[in-house]
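Engineer: My questions will all concern the structure given below.
The values are calculated or read from the model by the stated rules, or taken from the named source; none is laboratory data. Because the structure is predicted, anything quoted here is derived from the model rather than measured. Using ideal geometry, Cβ is built from the backbone for each residue, glycine included, and neighbour counts are taken over all protein chains shown.
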Amino acid sequence: MTQELWGVFLNAALVNNFVLAYFLGICPFLGVSAKLDSAGRMGLAVTFVMLVASLCAFGINRLLGMIGAEYLSLISYIVVIASSVQLVEMFVRKTSPALFKQLGIFLPLITTNCAILAVALFQTQREYGLLEGLVFAFGAGMGFTLALVLMAGIRERLRLVDVPDVAQGMAITLVLAGILSLAFMGFAGMGASA
Amino acid sequence: MMPSSHLLSLRGAPHLHADSAVPRLMLHSVIALLPVSVFAVFLFGLAALATVAVAILACLLAERVCGPRSALGDGSAILTGLLLGLSLPPALPLWMVAFGAFVAVAVGKHLFGGLGGPAFHPVLVGRVFLQAAFPSAMAQAWVAPLAAGRATELPATSLALPFLTPDAPYDGISGATPLSALKAGEAGEPLLSLWLGTVSGSVGETSALLLLLGGLYLVYRRVIDWRIPAALLGSVALFSAVLHAIDPERFPAMMTALGSGALMLGAWFLATDPGISPTTRRGAWLYGLAIGLLVVVIRQFSGQAEGVMYALLLGSALTPHIDRWTRPKPLSEGVEE
Amino acid sequence: MADAGMISEREDGVERLRLGFWRENPILVQALGMCPVLAVSNTGVNALTMSLATTFVLLSSAIVISTIRGIIPRQVRLACFVLVIATFVTLTDMAVEAFALELHQALGAFLPLIVVNCMILSRIEIMASRQPISVAALDAIGMGAGFMLGLVTLGSLRELLGRGTLFGAQVMPDRFEPWQVMQLPGGGFFTLAALVIGFTLLDRSLKRWREVPA
Amino acid sequence: MTEQRGGSGLASVLRIQGVLVAIALSAGLAIALVHEWTRPMVMAQRGGLLGDAALEVMPGAASYRIYVRSADGGLRPMGDDDTPELFIGLDEGGHIVGAAVVGSGMGYADVIQLVYGVDPAAGRLTGMRVVASRETPGLGSVIVDDKDWVDTFTRIHLPFDGEQNLRNLRVRSNANHEQGEVDAISGATVSVVSVTRIISSSLADWLPILKAEFDELSGGDRG
């Protein structure tokens, strides 16, 4: 069991990294990853919201399964995840202004991030249980953070060099992501025990 | 960028502080790679010679096309080509070699701002691109060492027409490198031939001993920082020894791990590139350690037989962060800019 | 992107179509709405399906939102937008599943992911919730066409180089060695980068060419 | 996202609620209607895809009956709301000629769904078809495209230990099919291992049931 959970985690974080293998969440990826500090904090906030999303999706699947209305799942994910995140945001703002300053400002941004909904959808499609789902969400979030932070480091460095002007901005970031994506192929097959 | 780093650091590595530094680095690196290149031609014959020659020529051509200023003189394109050629399977179709060289120089180097700019080693970019683009060719284009007739004829696959699959099947026994044999659970090569290099493998990666000598020469010439290969090889040695102690059936012994694959080539000649490695001493240790760990993890736990290239790429992605953590605190802001 | 919101109601439809297709091309210029689609841009057919589905969702949501824009309270407008978009995405998903099951399986979870396509939400917010139906619809069509231009080019290129085929038909010579990397995520990033660079260069030379006779 | 200011008072709150509820209701209604309309088509197509694959992996089968596992661990004929789990193949004369099981599990990129044929009496596989997968085209997709490799599943014997307990299928280069070994393909290790693992774990579930029920089903030919 732990072996399988470890496999789920590795798969989500490294082998099928959300950003580098599925292109998910690249809107903030292109926007935020230029600054190292915010990249790390954004990543943590995303991880947190992914965990919330995974919990919500598990509950929704159970509930809709009971009344036989699975076809409403997509619309329910969207609504429930968005409102849960909003609740969490309000809660954090009240209880811990410091934490809110660190992570909270990203929360509204994240709600419509495709990576979040993808956690819910993938987890459903792969029929993960509650624990597996949470591990998957955590792995996906860690993988997202890792990709974001690695990119941010390189992008900060790239500001000092002479990138050809047509390639500046989006293009060079995409090439960077492409190379990282190829580098992550080194992890292919990890966690899938023979 | 870092006002105080070159006041505190006594490193001999050329940080572009003198105009002559680049050609000097290139010259000594080429000298250090000569023995292993000659050995490669002895081992694999014409195939090795053609691979290296095409890689160098293609790099020069790409440099000419992409580099607006005349940058051919600094020798960096020659070194890139040499290293790339040495890292490829000997019977790889030559058009693929040229393609990889072009990607290395155009994408890996000039897109990222030319010499001194690259975030990744251009050779690694070219190599990993070829690996991903033509996986079956890269997995099969091996040549048996010391084959008869190697001095006079090229493998038929080398001469495949550009962008086409070769007519002839790849000669080499598929998956014949010592590492892929280990991965498939077959018996490895004897330790001695592994270190001497009389085994199958990429053109210039087989002889761990000659690569080690070349690396030591670079250290002696103060061209590279000895801490990086020391940390890298040390961490590979440490982690493989630990794994081997846990399960000797499944994990190869320390000396096997050290002597096989592209480890020596990567540790001495690629990881040490001043453009992609950390600037501080502590950073160099951390960097080597991280890459070594990644090499062992990828080799032993992923689906890939060889992990050096991936580990090096990931390591260079870590460099900016390592630099940040280990940067000496400046005494006061903005001493000089 | 900032000035897109300030387009006045008088602006003629053709201009809106043109903007979305070229100068504000969602993929190549604005880098919007790529997340849910790039992962399945490895063949022409997948790219075409995804962009048709996206365009359909954008167009129908734009029409509906524009129709009911008078009664949507400002405070919950985003919730309303998302509800409408999610409905159309679910409908599309079910339709594709019913009529093309294998395509549906190839697209996997990425079809429902259209719901979080930032391009759709931003067009709804900027245009449909403020403009009459005709303008909103034309804008949606223009954006959808631009989206399709970017995505189908990307998908075709990846398929051509990565498999030697175009929309499933063999194009390259028999012994063409496919560049497998193009079918991998890394190749997707590279191809998109190349397209962005190509688009920028093309756009620049078009401008220069237009300036010469003037 | 949040707009704290704006109209206050009960009336406006009610209005907001009303609009939201109205939109949500019409959305739900539209989805439910289309769902009712498309579901039969989807189910038919699904069953068709699986059924076609099942016929291919049961040599000699001309038609099939579909079963699912019942709550007590036995088998029952598939109902309207079920997804197929087991196909029992019948020849022209209506005699049972084999069984095909639907299995699924995680591949390299996404879930792989497949159908494999098994002859419980002879203790061997009779074929395998991947029905749904998103493995990397050109690499992992060989589990669909590589005809030679797919065909080897008609020759693979189930590996039993001396006590007739089923052991796992394994992937090896130079595989010995008599020993339940599946050929490795370089560049597609993960996908090949996934397919093998899916069949292996599915067999562990199904083989006891099949062995127990097969005779009974054979006896029930006329029913």
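Engineer: Looking at (1) within 27 Å of C:THR191 (Cβ to Cβ); (2) crowded, with 20+ Cβ neighbours inside 10 Å, which is the one condition that is false for B:ALA48?
Structural biologist: (1)
Each row is one residue, and each column tells you yes or no for (1) acidic (Asp, Glu); (2) under 30 Å from C:PRO73 (Cα atoms).
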| site | (1), (2) |
| --- | --- |
| D:VAL13 | no, yes |
| D:VAL34 | no, yes |
| D:ARG39 | no, no |
| D:ASP82 | yes, no |
| D:LEU86 | no, no |
| D:ILE96 | no, no |
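Yes/no matrix, rows are residues, columns are (1) away from chain A (no Cβ under 14 Å); (2) modelled with pLDDT of 80 or more; (3) out of contact with any helix residue (DSSP H, G or I) (no Cβ under 9 Å at 6 or more places or on another chain):
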residue: C:ALA4; (1), (2), (3): yes, no, no
residue: C:GLY13; (1), (2), (3): yes, no, no
residue: C:LEU32; (1), (2), (3): no, no, no
residue: C:SER41; (1), (2), (3): no, yes, no
residue: C:THR55; (1), (2), (3): yes, yes, no
residue: C:LEU58; (1), (2), (3): yes, yes, no
residue: C:ILE65; (1), (2), (3): yes, yes, no
residue: C:VAL76; (1), (2), (3): no, yes, no
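Engineer: Here are the criteria: (1) in contact (Cβ under 8 Å) with a residue 60 or more places away in the chain; (2) buried (at least 24 other Cβ atoms within 10 Å of the Cβ). Tell me which single one A:MET170 does not satisfy.
Structural biologist: (2)
Engineer: Scan the range D:61-115 for residues that are over 30 Å from C:LEU107 (Cα atoms), in contact with a Gly (Cβ under 8 Å, 6 or more places away or on another chain) and polar (S, T, N, Q) and report the count.
Structural biologist: So the answer is 1.
Engineer: Moving on. With a cut-off of at least 3 residues that are modelled with pLDDT of 85 or more and of a type in the set (A, V, I, L, M, F, W, C), name the helices (runs of 4 or more DSSP H) lying wholly within the range B:161-280.
Structural biologist: Here the list reads B:191-196, B:208-220, B:227-246, B:254-259.
Engineer: Is there any pair with a first residue in the range C:42-58 that is assigned to a helix (DSSP H, G or I) and a second that is among the charged types (D, E, K, R) whose Cβ atoms are under 8 Å apart and which are 6 or more apart or on different chains, and what are they?
Structural biologist: What qualifies is C:GLY44/C:GLU159; C:LEU58/C:ARG123.
Engineer: Assess whether D:LEU55 counts as being in contact with a helix residue (DSSP H, G or I) (Cβ under 9 Å, 6 or more places away or on another chain), surrounded by 13 or more Cβ atoms within 10 Å (Cβ to Cβ), assigned to a helix (DSSP H, G or I) and touching a residue at least 24 places away in the same chain (Cβ under 8 Å).
Structural biologist: So D:LEU55 fails the test.
Engineer: Something else about it: Name the residue, out of A:THR145, A:THR112, A:THR124, that is within 14 Å of chain B (Cβ to nearest Cβ), within 18 Å of the chain's Cα centre (by Cα) and either within 27 Å of C:CYS118 (Cβ to Cβ) or modelled with pLDDT of 90 or more (or both).
Structural biologist: The unique qualifying residue is A:THR145.
Engineer: Here's a follow-up. Taking D:SER70 as the residue in question, decide whether it is in contact with a Leu (Cβ under 6 Å, 6 or more places away or on another chain) and not charged (D, E, K, R).
Structural biologist: When the stated conditions are applied, D:SER70 does not pass them.
Engineer: When you go through C:LEU107, C:LEU149, C:LEU121 one by one, which is the residue that is part of a helix (DSSP H, G or I), within 20 Å of the chain's Cα centre (by Cα), modelled with pLDDT under 90 and more than 7 Å from every other protein chain (Cβ to nearest Cβ)?
Structural biologist: Answer to the selection: C:LEU107.
Engineer: Can you pull out the residues in the range B:136-154 that are surrounded by 20 or more Cβ atoms within 10 Å (Cβ to Cβ) and within 11 Å of chain C (Cβ to nearest Cβ)?
Structural biologist: If the condition is that a residue be surrounded by 20 or more Cβ atoms within 10 Å (Cβ to Cβ) and within 11 Å of chain C (Cβ to nearest Cβ), then B:ALA137, B:MET138 are the ones that fit.
Engineer: Mind counting the residues in the range A:65-100 that are within 12 Å of another protein chain (Cβ to nearest Cβ), within 30 Å of D:LEU29 (Cα to Cα) and surrounded by 17 or more Cβ atoms within 10 Å (Cβ to Cβ)?
Structural biologist: Summing the residues that are within 12 Å of another protein chain (Cβ to nearest Cβ), within 30 Å of D:LEU29 (Cα to Cα) and surrounded by 17 or more Cβ atoms within 10 Å (Cβ to Cβ) in the range A:65-100 gives 13.
Engineer: Considering each of D:GLY48, D:GLY60 in turn, give the residue that is without any contact (Cβ under 8 Å) to a residue 12 or more places away in the chain and either on the phi > 0 side of the Ramachandran plot or more than 8 Å from chain C (Cβ to nearest Cβ) (or both).
Structural biologist: Being without any contact (Cβ under 8 Å) to a residue 12 or more places away in the chain and either on the phi > 0 side of the Ramachandran plot or more than 8 Å from chain C (Cβ to nearest Cβ) (or both) holds for just one of D:GLY48, D:GLY60, which is D:GLY48.
Engineer: So which residues in the range D:144-177 are in contact with a strand residue (DSSP E or B) (Cβ under 9 Å, 6 or more places away or on another chain) and within 14 Å of chain C (Cβ to nearest Cβ), if there are any at all?
Structural biologist: Result: D:VAL144, single match.
Engineer: Among B:LEU331, B:LEU293, B:LEU289, which is the only one that is at pLDDT below 95 and either more than 12 Å from chain A (Cβ to nearest Cβ) or surrounded by fewer than 24 Cβ atoms within 10 Å (Cβ to Cβ) (or both)?
Structural biologist: None of the others qualify; the one that does is B:LEU331.
Engineer: Let me spell it out: the conditions are (1) more than 10 Å from every other protein chain (Cβ to nearest Cβ); (2) touching a residue at least 40 places away in the same chain (Cβ under 8 Å), and C:GLY70 meets all of them except one. Which number is the exception?
Structural biologist: Failed condition: (2).
Engineer: Step by step: first the residues of the range A:173-194, then only those that are farther than 19 Å from C:THR191 by Cα and more than 7 Å from chain B (Cβ to nearest Cβ), then the one that is surrounded by the most Cβ atoms within 10 Å (Cβ to Cβ). Which residue is that?
Structural biologist: Of everything passing the filter in the range A:173-194, A:GLY191 is surrounded by the most Cβ atoms within 10 Å (Cβ to Cβ).
Engineer: Next question, about the same structure. Any residue that is at pLDDT 90 or above, among the charged types (D, E, K, R), surrounded by 16 or more Cβ atoms within 10 Å (Cβ to Cβ) and in a helix (DSSP H, G or I) - is there at least one of those in the range D:31-47?
Structural biologist: no
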